[in-house]
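Asks: Below: one structure in structure tokens.
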Amino acid sequence: MIAKTNVKGLAIFGGERLFSTPKSTSNLLRPDIDAFLKYSKISFDQNQYTNNGPNVKLLEKRLARLHQTRFCITFSSGMWALVLAIRALSLRGKSEIIMPSLTYRRMPDIAAWAGLKPRFCEVAPGTLALTAETVEPCINSETALIMAVHPIVNCCNSEELVECGKAHGIPVLFDSVESVYETTHAGKVGKFGEAECFSMHACKLLNGFGGGYLTTDNEKLARKLASLRTYGFVQVDTIGIPGGMNAKLNELHAAMALASLDDLSAQIDRNRRRYHTYRSLLDDVPGIRLLEFDESLKNGYKNIVVEILDEWPLSRKHTVRVLNAENILAREHYYPPLHRKNMDFPYVSCELPLTDKLAERFMNMPCGQLVSNGDIKEIVCILKFIHKNATEISKRLSRHEDE
């Protein structure tokens, strides 16, 4: 570990990096290799590697039990789970889908794939989640669907959003990719709205090195989506539902996800310890506020988000640059907001002043399975060093930008 004793020693100014290997904001779980091989052997021995094989069936059964729902349908990715769910649920003849602007950068592309125009809404400043109050001003005669996206720390008020949809006759689909383990005051994530979608990308809580799934209590929807993910087949050589595609999860991805699921409780314990380390150490850093989990509920503790307060002496942009140079891969949180991005497809232009303000204030910090509590201590030490030496750092950064 390289101690930083003066500003010249910072990596951005030519010093040696604090970490030799990058410290990422992704989860990057590596489940037990023997567990993965055990599940892989099941499909290998049965000579079935795709098309609803034994691992996919087992995974769907276990995930439905985890989320306390009747049905779980797996897909080749979380994106295609969302696209097909949007197509299945959107009100016919309507053109718009409501979603928060402060969310995943590809969400508008997903809407476009599904043939809808995104209309962006504000989020609540305390939670960074959309609410019924932020959604309702966007509802109009063209609203086909409400996309309720859980933020990456804590959750939306699921019940409130479902009631909002019911009051206006609009279906609600939850994007719950960051909320696999979470509960709300109304119950377990996975059982709200018409359906909820999840990802099994390596950056998520469950690593299937790709893949996604959807949970629902609606049998008709589950059957339709199970058909749509397999080209629309309803039986051998019979396509009964138009608009299908090859979006099946294969057996090796299911095996990886099952091995990850076996590790879930232990992983949550590790994540919780990392979160508590950040929480205790950041109390001593002026100008940085940790976005805290509601520990009266169940949490996955996967993500670490901090707010850059007015008293922090460096811009967020410069803070991220300094940290990244040290191989601390902090990221600007959902920046730029979606309503400020250039898009090559139809969308509803709007002004969202609160989102514009919030988009400048938050930062994702390193977390996940390749970040130790010792690493976190070093990261917080760098933040303290930045705070103490901000004036000199700012001057040097300004000179670099002028050159």
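Bear in mind that the values in this text are calculations on the coordinates, not laboratory data. Quantities reported herein were computed from a predicted structural model and do not represent experimental measurements. Note that each Cβ is placed from the backbone with ideal geometry, even for glycine, and that neighbours are counted across all protein chains shown.
Asks: Tally Lys and Arg at +1 and Asp and Glu at -1 over the other residues with C-beta under 13 Å from the C-beta of PRO337: what net charge comes out?
Replies: Numbers: positive: ARG105, ARG340, LYS341, LYS357, ARG361; negative: GLU122, GLU332, GLU351, ASP356, GLU360.
In short, 0.
Asks: Which whole-Hz couplings ³J(HN,Hα) result when phi for each residue of the range 342-359 is put into the Karplus expression 6.51 cos²θ - 1.76 cosθ + 1.60, θ = phi - 60°, listed in order with x for Gly and Pro?
Replies: 7, 10, 9, 8, x, 8, 9, 6, 7, 10, 10, x, 5, 4, 4, 5, 5, 5
Asks: Give me ILE110, ILE98, ILE241 sorted ascending by neighbouring Cβ count inside 10 Å, so fewest comes first. Display every interim value, and only then the final one.
Replies: Working: ILE110 23, ILE98 28, ILE241 17.
In increasing order of surrounding Cβ atoms, one gets ILE241, ILE110, ILE98.
Asks: Counting other Cβ atoms within 10 Å, keep those with at most 16, restrict to DSSP loop, and tell me which GluC sites (Glu not before Pro) in the range 84-166 are left.
Replies: Numbers: sites: GLU96, GLU122, GLU133, GLU142, GLU159, GLU160, GLU163; in loops: GLU122, GLU142.
Loop-located and lightly packed - GLU142.
Asks: Relative to the first principal axis of the alpha-carbon coordinates of the chain, what is the inclination of helix 373-388, with its axis defined by its Cα atoms, in degrees from 0 to 90 and to the nearest 10?
Replies: Long axis of 373-388 versus the principal axis of the chain: about 50 degrees.
Asks: From the backbone phi of the range 307-321, what are the Karplus-calculated ³J(HN,Hα) couplings (6.51 cos²θ - 1.76 cosθ + 1.60, θ = phi - 60°) in whole Hz, Gly and Pro given as x?
Replies: 9, 8, 7, 4, 7, 5, x, 10, 5, 4, 4, 5, 4, 4, 4
Asks: Moving on. Which cross-chain or sequence-distant (5 or more) residues have an amide H under 5 Å from the amide H of ALA195, H modelled 1.01 Å from N in plane?
Replies: PHE174
Asks: Express in whole angstrom the spacing between the alpha-carbon centres of the range 252-278 and the range 138-163.
Replies: 28
Asks: Two decimals is fine: what's Rg over Rh for the chain, C-alpha atoms, Kirkwood radius as Rh? Mind showing how you got there, number by number?
Replies: Details: Rg = 22.3 Å, Rh = 22.4 Å.
Dividing the radius of gyration by the Kirkwood radius yields 0.99.
Asks: Just report the Cα centroid separation between the range 356-403 and the range 312-337, whole Å.
Replies: 6
Asks: Next question. Residue by residue through the range 242-253, which ³J(HN,Hα) values in whole Hz follow from phi under the Karplus form 6.51 cos²θ - 1.76 cosθ + 1.60 (θ = phi - 60°), with glycine and proline marked x?
Replies: Rounded to whole hertz, the list is x, x, x, 8, 8, 10, 7, 7, 8, 5, 5, 5.
Asks: Amide H of VAL149: which non-local residues (sequence gap of 5 or more, or other chain) have their own amide H closer than 5 Å, using H built in the peptide plane?
Replies: Counting only residues 5 or more places away or on other chains, the set is LEU130, ASP175.
Asks: To continue, here is another question. Looking only at the chain, where both bridge partners belong to it, what percent of the DSSP beta bridges are antiparallel (to the nearest 5)?
Replies: Details: 23 of 40 bridges.
Given both bridge residues lie in the chain, the antiparallel proportion sits at roughly 60 percent.
Asks: Would you mind checking which residues have amide H under 5 Å from TYR231's amide H? H placed 1.01 Å from N; only 5 or more apart, or other chain.
Replies: Hits under the 5 Å cutoff: MET245, ASN246, ALA247.
Asks: Which chymotrypsin sites (Phe, Trp or Tyr not before Pro) in the range 31-71 sit in a loop by DSSP (not H, G, I, E or B) and have at most 14 other Cβ atoms within 10 Å of their own Cβ?
Replies: Details: sites: PHE36, TYR39, PHE44, TYR49, PHE71; in loops: TYR49.
For chymotrypsin sites (Phe, Trp or Tyr not before Pro) across the range 31-71 that sit outside H, G, I, E and B with at most 14 neighbouring Cβ atoms in 10 Å, the list reads TYR49.
Asks: Loop-only GluC sites (Glu not before Pro) in the range 275-316, please: DSSP not H, G, I, E or B, and at most 10 other Cβ atoms within 10 Å. List each step's numbers first, then the result.
Replies: Values: sites: GLU292, GLU295, GLU307, GLU311; in loops: GLU292, GLU295, GLU311.
Answer in residue order: GLU311.
Asks: Going down the table (LYS8/LYS377; LYS41/LYS248; LYS57/LYS117; LYS94/LYS341), which pairs top 29 Å between alpha carbons? All intermediate terms of the calculation are to be shown ahead of the outcome.
Replies: Values: LYS8/LYS377 21 Å; LYS41/LYS248 20 Å; LYS57/LYS117 35 Å; LYS94/LYS341 24 Å.
Going by Cα-Cα distance, LYS57/LYS117 fall outside the 29 Å limit.
Asks: Counting DSSP beta bridges with both partners in the range 33-262, what percentage is antiparallel, nearest 5?
Replies: On the way: 14 of 29 bridges.
Around 50 percent antiparallel, to the nearest 5.
Asks: With +1 assigned to the C-beta of every Lys and Arg and -1 to the C-beta of every Asp and Glu, and no other charges, what is the dipole magnitude of the range 33-262 about the Cα centre in debye, to the nearest 20? Provide the component values of the computation, followed by the final result.
Replies: Working: 23 positive and 22 negative charges, 132 e Å.
It works out to roughly 640 debye.
Asks: Determine the equivalent ellipsoid of the range 218-369 by diagonalising the alpha-carbon gyration tensor, then write out the semi-axes as square roots of 5 times the eigenvalues, largest first, rounded to whole Å. Please list the in-between numbers first.
Replies: Details: eigenvalues 311, 124, 42 Å².
Rounded to whole Å, the semi-axes are 39, 25, 14.
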